[in-house]
């Protein structure tokens, strides 16, 4: 089964280089204008409940049913959300998190291992649902977040890569081939839905 793993379009907070996480900011006017409708028409798209992901799915796949999957949410950055790195340079908790490779727990938020477990659990649930719904040759389409992409592909992506090497720009992502025996996602190519 082919899997389209797509990051949402640009938001105002993203343009300002601020941590967004669970903040439910929609697409910015520029982010909305940068996206183009996909040239294929899936029946359904699995989407993070965040407004920015739902708006992106609506632009790319206007005729598709959106199925919300809470496990596809972005990482919860806790007290870092809405803030830029330059505002937290002297914040001891932020410095500790960054010095730890951004893998520990964000104050009031989650840690990378929790994100990875949640996203992979959600993906397994989506696969179970698709086994019952999908017709032969039907692709799986997911619109979510950068953290979602990185967490899923660090765990299941082939070739193996470190977490941050899976990051793609807003409006972009990966076309993958799901290999059920090895429970892996083999990269076919990078994809973009930007004009």
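No value in this document is a laboratory result; all are computed from the given coordinates. None of the values given here were measured: they were computed from a predicted structure. All Cβ positions, glycine included, derive from the backbone under ideal geometry; neighbour counts span all protein chains shown.
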Between region 143-195 and region 39-76, the Cα center-to-center distance that results, in Å:
16
Antiparallel DSSP beta bridges within the chain, percent to nearest 5:
55
Approximate spin-label separation residue 103-residue 79, in nm, with each point projected 7 Å along Cα-to-Cβ:
2.4
Quickly work out the residue 124-to-residue 91 label distance, labels modelled 7 Å from Cα along the C-beta direction, and quote it in nm with one decimal.
3.3
What angle do you read, to the nearest 10 degrees and between 0 and 90, between the alpha-carbon axis of helix 51-60 and the longest principal axis of the chain?
30
Using alpha-carbon coordinates, inclination of helix 112-133 to the longest axis of the chain, degrees
10
Segment residue 132-residue 161, extension gain: residue separation times 0.36 nm, minus the distance between their alpha carbons:
7.3 nm
Structure-based [θ]222 nm, the chain - -39500 (n - 2.57) summed over DSSP H runs of at least 4, per residue, nearest 500
-9000 deg cm²/dmol
Please report, for the Cα atoms of the chain, the Rg to one decimal and the Dmax as a whole number; what are they, in angstrom?
16.4, 55
Computed from the beta carbon distance with a Förster radius of 41 Å, FRET efficiency for residue 188 and residue 16 to the nearest 0.05 stands at 0.80
